[in-house]
1. Largest first and in whole Å, what are the equivalent-ellipsoid semi-axes of segment B:36-109 based on the Cα gyration tensor, each being the root of 5 times an eigenvalue?
2. Cβ under 15 Å from A:Met291's Cβ, A:Met291 left aside: what net charge do those residues give with Lys, Arg +1 and Asp, Glu -1?
3. Using the Karplus curve 6.51 cos²θ - 1.76 cosθ + 1.60 with θ = phi - 60°, what ³J(HN,Hα) values do you get for each residue of segment B:219-232, in whole Hz, with x for Gly and Pro?
4. Between A:Leu94 and A:Ala168, what length comes free when the chain is fully extended (0.36 nm per residue of separation minus the Cα-Cα distance, one decimal in nm)?
5. Against the longest principal axis of chain A, how steep is helix A:151-170, in degrees 0 to 90 to the nearest 10, with axes from Cα atoms?
6. Taking a spot 7 Å from the Cα of B:Arg154 along the direction of its beta carbon, which residues of segment B:165-184 have an amide N less than 19 Å from it?
7. Lysine pairs in the protein assembly as shown 8 or more apart or on different chains: how many have alpha carbons under 26 angstrom apart?
8. Please compute the Kirkwood hydrodynamic radius over segment B:29-165, one decimal place, Å, based on all pairs of different Cα atoms.
Amino acid sequence: MRRAALATGAVVVLGLPWAVPRYFVFLASLIVVNSIVAIGLNLLSGYTNQLSFGHAGFLAIGAYTGALLTIHAPALPVPAALLVAGLVTAAVGLALGIPCLRLEGLYLAMATLAFGFVVVEAILNLDWITRGNDGLRVPAARLGPIALATDTARYYLTVAVAALLILAALNIARTRTGRALLAVRESEIAAQASGVHLAAYKTLAFVLSAFYTGVAGGLFALVVGFLSPDSFDVFLSVDFVAMIIVGGLGSVPGSVLGAAVITTLNDSLAGFQNYRPLIFGAILIASMLFMPGGIASALRKLSVAGAAGYPGTAPPAAKPRQGDDP
Amino acid sequence: MTPVLDVQDLTVYYGKRRALEGVSLTVGRGEIVTLLGANGAGKSTTLRAVSGLVRPERGRIVYEGRDITQAPADAIVAAGVGHVPEGREIFPEFTVLENLLVGGHTVRRSQVGERVDAAFELFPVLGRRQSQLAGTLSGGEQQMLAIGRALMPRPRLLLLDEPSLGLAPLLSREIFRVIQRINDSGVAVLLVEQNARRALALAARGYVLETGRLVVAGPSAALAADPRVRTAYLGLDRARGGAAG
């Protein structure tokens, strides 16, 4: 059942460029890129309860790093360029994460919001290298002898990178470090009482989150082909937050679903720019009211209702504490 | 012989509210000591201060001759203090095995396997359910998991916060037997319990906290005979036992 679903999904994802018009291939690439960002943001917000409204800033750093590498070091293979984009962004994440340890809730949201603005200003002011408001044209990257010049080629690149990053995120609980990170999400007190250094792991979440977003940024540059500071405004950061809330906090499949929903909506609402915030706001409020765990948990509940009474598929009650044995 | 735990003049504030005022207590090597008191008297706060989860305003906490008053929580765990927090705080979306593995966060990698085996030996039910999600365990099993998790680093002092809370009488008796067995293996225990009667039966000595201050201290037998303890805690205990059982 599960295997069949995965196989069907793989066929759909891999066969897509041959079945739909070019524009949808581009849109699908964008969804995949945004999925990576949403997973990255979820590592931070969903797992360690640190809300960020500055992920457009991280995306911009990754995008400009990737673009500048493609322009100035064309011999560098794409995977290496993406890796560097991720690492540079992760370093910035570390620098931002440490001071942010002292902040919580609203104050953290404001600090990350400010970070997003600072990045945009920095891009404008470093115009000798970023070309500021004129924007930066990104040439086709090369993978060995192949130039990734078509939407289809770029789509497969993003899918391959995303598959790796999704696999890593899904298997994070298999490693000691990953388990400690997730333990912080489950119970900060118990994690600390188990000897998990809270501050270190909250900072690590910032770094990992920035790495994912940086790699996504590198892909974004290649997929879109043109960068300008206004692509990374605060509304993009809000979109990322919307993705993980609609999709499901702390859920990897939820991140992908949320990215798909929000990206598609954004695209279909392109003609109604003025109403966009209104529609998005309504969607956010509605999903928080009626679907607090996002699409991921709503789907899980549906599938459990379908297989009612079947042991082992039921999700645990929120936090059973006082359950008595018969 | 120096005690395992020596707390002197501990004072803790939550913001402006004082939770503990000048509390001093000791736990001897291999001893079970209980901390009694009503809700909000500061019992959990005392345990949290010892394990580094809250920072005291004043006072000194010495564990095995080492001052740990300002030590970070992870260093205190690594030094040998285990803490089973109030409400168990298991990781509900983790499997039983993963819960234990997080408990072994400070344990050397090569030793984690044998520690897990030891936990399954102490709690066979956990072994049978090792790949089940912890949130689906019963209350008693969750408590065993919380204790097993805290034992992973082989602590020499175990802080237990209300281990029988919300458990049926039969299960809480089981938990108390387990505490006795852990103690028999040489682990000192500082036990916070609502069930004063049972706690005093298990412990060698006890302390009574009232609104953040110690009001009575002494051997368990003397406490059980103390009229103040009898009316306030053993009487209360009888009423609670009737309602819960």
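1. The equivalent ellipsoid of segment B:36-109 has semi-axes of 24, 18, 9 Å.
2. +2
3. Computed from phi, the couplings for segment B:219-232 are x, 4, 4, 5, 5, 5, 8, 5, x, 5, 5, 4, 6, 6 Hz.
4. Fully extending the segment from A:Leu94 to A:Ala168 adds 24.6 nm.
5. The helix A:151-170 is inclined about 30 degrees to chain A.
6. Counting backbone N atoms under 19 Å from the label point, the list is B:181-184.
7. Count of close lysine pairs: 4.
8. 15.6
Computed from the coordinates by the stated procedures, all read-outs in this text should not be read as laboratory data. Being a predicted model, the structure only gives us computed values, none of them experimental. FYI the Cβ positions are ideal-geometry reconstructions off the backbone, even for glycines, and counts take in every protein chain you see.
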